[in-house]
Amino acid sequence: MPWVRLHGTKDYLDMVQILEKYPLLHQTFNLVPCLIEQIEDYTRRTIKDKYLELSYKPAEELTGQDKSFIQENFFSINKERLISIHPRYYELFLKKQAKKEFSTQDYLDLQIWFNLAWIDPVFRQSSPELKNIVNKARFFTEEEKQTVLDRQIGILEDIIPTYKRFMESRQIEISVSPYYHPILPLLYSTNTAKEANPKAVLPKVKFAYPQDCQAQIQEAVKFYQSKFGTQPAGMWPSEEAVSEHILPFIIESGINWIVADEAILFKSLKKKKRDAKLLYQPYLLKRKEGNLNIVFRDRNLSDLIGFVYYAWKTEAAVQDFMGHLELIHSASSGQDLLVTVAMDGENAWEHYTNDGGDFLNLLYQKLSESKFIKTITVSEYLEKFSPRAEIKRLACGSWIYADFGKWIGHPLKLRAWECLAEARKELEGHQVTRSPGHQLELAYKQIYICEGSDWFWWYGDENNGDFDKLFRSHLVNFYELIGKEPPAYLKKPLTT
């Protein structure tokens, strides 16, 4: 799948580089280890995704199957913001919609425009080569295609060094997620779903491996240390999914703070209604294993940026956001407050004009100029202000409806959990003790990959079956690594 590469060229680098223009603005970024791992696979040139392989392939050598794939998939980007603004790309889109035959030049132009449109406008403007290609617009050459693809990899190469540089200057803090982005409470036990929602439907085979929670956390911390040379202070539990059960593993890893959704706060405090007075402060989780701080995001402010403002004019959106902050400030009675805005860092921007650049520049300018706002990282805040309140028992849930329904409950999601539980049980068996150490390590890695949240997210919602195919291929790899015949049910799409 191409999404790490494409989001890497469109979002990950420029969203931190923009801070060079706003030195007063401090931010916290979260990076997932398996994301970094995949970025480095590209920069080492050790892997290609199918989209990239078909991009490199000379247009005149494309087979009928290749052409069908390209027509079907190379318009996978926001139509209004990123196809229609480029006349040649839009012309090809309309030609495909009209089911007209493509020439070899059409396919070459489409190979380039798909990859070019995914590159952030900042880089398309700042690179003379890319700017010339954008201006040329059509009748591209294979050499120009190579220039675009080379620039993609160049952007990916700059991502981690740039984040490290901004972290060392203390303008940003980098938090981390569990290694392969699992829903930790469900790894602890799929029965936890009922704690979050008593009506949740559980798989027939329970998955309960607390040791995998611990491994996903510890491996993330170790990986972070190897990349950034220091211990991470913060952890963003995948999908802000938390429960009381997982706290000991986080505390024991040396993490100082985590983030969760405001609904978890109000569930924890047994409040039936939203109470803003309780929201804008950190809380202490004092447990026998040690202490852990937790902050809760303002869901309204976060979702306005993530899902609403892209449809507004830039000035109106920024004015509205600043207005919300003014209202919070005016109700504070002079007390210091921590307003946490925490959101998905990649998916919003393609819906905005100029990939979010106009909105972010104006917002960052207004935040920098404000007399009553100080942007601050979570650790910076905790260094200045200790939590004033404790939470005795943390409620169970995620940032989606404060439960786990997005990853469990649907018949296909349940079947995936059952397949994973059956595979995981094999690691407890005596057969594994005969596997060479390296093979056993790889077998565990396959299981940890299959514990990632996205497989379960897409079951029941996916149209083309790509995630199902990948999930099953990882499980097949696992069985082969431990020297067992993969179950026959993994040879065809999972069904209920």
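The values are calculated or read from the model by the stated rules, or taken from the named source; none is laboratory data. Because the structure is predicted, anything quoted here is derived from the model rather than measured. Counting neighbours? That spans all protein chains shown, and the Cβs are built from the backbone with ideal geometry, glycine included.
Identify, by number, the condition in (1) among the polar types (S, T, N, Q); (2) farther than 20 Å from Ser379 by Cα; (3) not in a helix (DSSP H, G or I) that Asn291 doesn't meet.
In the conditions (1) among the polar types (S, T, N, Q); (2) farther than 20 Å from Ser379 by Cα; (3) not in a helix (DSSP H, G or I), Asn291 misses (2) alone.
Residue by residue through region 440-496, note down the ones that are loosely packed, with under 15 Cβ neighbours inside 10 Å, part of a helix (DSSP H, G or I) and polar (S, T, N, Q).
Ser473
Go through region 222-263 residue by residue and tally those that are of a type in the set (A, V, I, L, M), surrounded by 22 or more Cβ atoms within 10 Å (Cβ to Cβ) and either in a strand (DSSP E or B) or in contact with a Ser or Thr (Cβ under 8 Å, 6 or more places away or on another chain) (or both).
Number satisfying all stated conditions: 6.
Conditions tested, residue by residue: (1) at pLDDT below 95; (2) of a type in the set (Ser, Thr, Tyr); (3) under 19 Å from Pro210 (Cβ atoms).
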{"site": "Ser398", "(1), (2), (3)": "no, yes, yes"}
{"site": "Gly409", "(1), (2), (3)": "no, no, no"}
{"site": "Glu428", "(1), (2), (3)": "yes, no, yes"}
{"site": "Gln431", "(1), (2), (3)": "yes, no, no"}
{"site": "Ile482", "(1), (2), (3)": "yes, no, no"}
{"site": "Ala488", "(1), (2), (3)": "no, no, no"}
{"site": "Thr495", "(1), (2), (3)": "yes, yes, no"}
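This table checks each residue for (1) at positive phi; (2) surrounded by fewer than 19 Cβ atoms within 10 Å (Cβ to Cβ); (3) modelled with pLDDT under 95; (4) among the charged types (D, E, K, R).
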{"site": "Gly8", "(1), (2), (3), (4)": "no, no, no, no"}
{"site": "Met15", "(1), (2), (3), (4)": "no, no, no, no"}
{"site": "Glu40", "(1), (2), (3), (4)": "no, yes, no, yes"}
{"site": "Tyr51", "(1), (2), (3), (4)": "no, no, no, no"}
{"site": "Ser68", "(1), (2), (3), (4)": "no, yes, no, no"}
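Which residues, counting only those in region 19-75, are under 28 Å from Asn361 (Cβ atoms) and of a type in the set (Gly, Ala, Ser)?
Those that are under 28 Å from Asn361 (Cβ atoms) and of a type in the set (Gly, Ala, Ser): none in region 19-75.
Name the residue that is surrounded by the most Cβ atoms within 10 Å (Cβ to Cβ), counting only residues in region 81-134 that are within 16 Å of Leu54 (Cβ to Cβ) and of a type in the set (D, E, K, R).
Restricting to residues being within 16 Å of Leu54 (Cβ to Cβ) and of a type in the set (D, E, K, R), the top hit is Asp109.
Of all residues in region 352-378 being among the β-branched types (Val, Ile, Thr) and under 30 Å from Leu285 (Cα atoms), which is surrounded by the fewest Cβ atoms within 10 Å (Cβ to Cβ)?
Only one residue tops the list, namely Ile373.
How many of the residues making up region 379-422 are of a type in the set (A, V, I, L, M), more than 28 Å from Pro282 (Cβ to Cβ) and assigned to a helix (DSSP H, G or I)?
Summing the residues that are of a type in the set (A, V, I, L, M), more than 28 Å from Pro282 (Cβ to Cβ) and assigned to a helix (DSSP H, G or I) in region 379-422 gives 5.
Can you report the number of residues in region 381-408 which are farther than 15 Å from Lys194 by Cα and surrounded by fewer than 16 Cβ atoms within 10 Å (Cβ to Cβ)?
Residues flagged as farther than 15 Å from Lys194 by Cα and surrounded by fewer than 16 Cβ atoms within 10 Å (Cβ to Cβ) within region 381-408 amount to 9.
Any residue at all in region 21-36 that is under 20 Å from Arg124 (Cα atoms) and in contact (Cβ under 8 Å) with a residue 24 or more places away in the chain?
Looking through region 21-36, at least one residue is under 20 Å from Arg124 (Cα atoms) and in contact (Cβ under 8 Å) with a residue 24 or more places away in the chain.
Would you mention how many residues in region 5-46 are more than 27 Å from Trp257 (Cα to Cα) and hydrophobic (A, V, I, L, M, F, W, C)?
Qualifying residue count for the region: 1.
Hey, does region 236-247 have a residue that's without any contact (Cβ under 8 Å) to a residue 60 or more places away in the chain and in contact with a Phe, Trp or Tyr (Cβ under 9 Å, 6 or more places away or on another chain)?
No.
Would you please name the residue that is surrounded by the most Cβ atoms within 10 Å (Cβ to Cβ), looking only at residues in region 135-147 that are free of Cβ contacts under 8 Å to residues at least 40 places away in the same chain and not in a helix (DSSP H, G or I)?
Among those residues, the one meeting the criterion is Phe140.
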